[in-house]
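Student: Below is a structure I'd like to ask you about.
The values are calculated or read from the model by the stated rules, or taken from the named source; none is laboratory data. Not measured: the values here are computed from a predicted model. Note that we place each Cβ from the backbone using ideal geometry, even for glycine, and neighbour counts take in every protein chain shown. We work out accessible area using only protein heavy atoms, side chains counted, and drop any ligands, DNA or RNA first. Shrake-Rupley method; radii C 1.70, N 1.55, O 1.52, S 1.80 Å.
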Amino acid sequence: MRTRRYARALVPLAVLLSAGCSQTSGSDPSSVPPALPTTLDQPSPTSLTTKPTLGAVPAADRSFGVLPPSGWINDTARERGTMLYLRAPQPTRNVYPCFTVVKTTMKEPPSLDELVNQGMIAQRQKGSTVTKLASRSIGGAPAEGYTIARVSQGFQVSQTQYYVLNGTQVVVTTMTSAAQDKAAATSTQEAILASWSWGAPLAPKPTTAPSSTPSSSR
């Protein structure tokens, strides 16, 4: 019987919760988020508020929303410590493609350069091949990131990680796939990021079916 596997989680900085795709069965101590440092403040509203994309799903704290890929599963409620956890319904090359987001709020967040450089150093120390990406914006907020090529449980895995600063929020997005599926994963990631909005997506309006009972005539 074929064993389903997820790529292991990334923990780029001690101030951030685990990000990535974890196994769905069994107890796994490495998936337990580390304790947050005392420098963190209570979450506050985002600096940016943008119009949500129709059909977007909210983050766990409803501070942002994205449009999930067609057919993907929203497993956010099952993954402790994540703000968003979207995955494909089936694995490809023994890896579930997935998109995850973690977030923390700080009184004085480090610069994007500092966040990215620390993340790159940490990943290289683990033996990963890391390549820095060009600066960009996500939902109108500045972002920087890098790609990671590594081996997880014997399989070649590709990950792309972006750090986003929105006011006092530090948001980290991670796209994970098998290395051979990197191009398709990048396309999926770009579609998700293009749909990013800050603030809670609107709840769908309830539909009221017209009454089938004819009105009485006088």
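Student: So how many residues does the range 64-96 have that are more than 15 Å from LEU193 (Cβ to Cβ) and not basic (Lys, Arg)? Give the steps one after another, and end with the answer.
Tutor: Of all residues in the range 64-96, those more than 15 Å from LEU193 (Cβ to Cβ) come to 70-71, 73-82, 85, 87-96.
If we keep only those that are not basic (Lys, Arg) too, we end up with 70-71, 73-77, 79, 81-82, 85, 88-92, 94-96.
Residues that pass the stated criteria total 19.
Student: In the range 60-69, what residues are of a type in the set (Gly, Ala, Ser) and open to solvent by 20 Å² or more (accessible area, probe 1.4 Å)?
Tutor: Listed by number, the list holds a single entry, ALA60.
Student: Further question: Could you please find all residues in the range 148-170 being polar (S, T, N, Q) and touching a helix residue (DSSP H, G or I) at 6+ places or on another chain (Cβ under 8 Å)?
Tutor: Of the residues in the range 148-170, the ones polar (S, T, N, Q) are 152-153, 156, 158-161, 166, 168-169.
Result: GLN156, SER158, THR160, GLN161.
Student: So, one more: Would you check which residues across the range 65-82 are within 16 Å of GLN189 (Cα to Cα) and either of a type in the set (A, V, I, L, M, F, W, C) or free of Cβ contacts under 8 Å to residues at least 12 places away in the same chain (or both) and list them?
Tutor: Scanning the range 65-82 gives VAL66, LEU67, SER70, TRP72, ILE73.
Student: Answer yes if at least one residue in the range 33-54 is open to solvent by 40 Å² or more (accessible area, probe 1.4 Å), in a loop (DSSP other than H, G, I, E, B), touching a Lys or Arg at 6+ places or on another chain (Cβ under 7 Å) and modelled with pLDDT under 50, and no otherwise.
Tutor: Scanning the range 33-54, I find at least one residue that is open to solvent by 40 Å² or more (accessible area, probe 1.4 Å), in a loop (DSSP other than H, G, I, E, B), touching a Lys or Arg at 6+ places or on another chain (Cβ under 7 Å) and modelled with pLDDT under 50, so the answer is yes.
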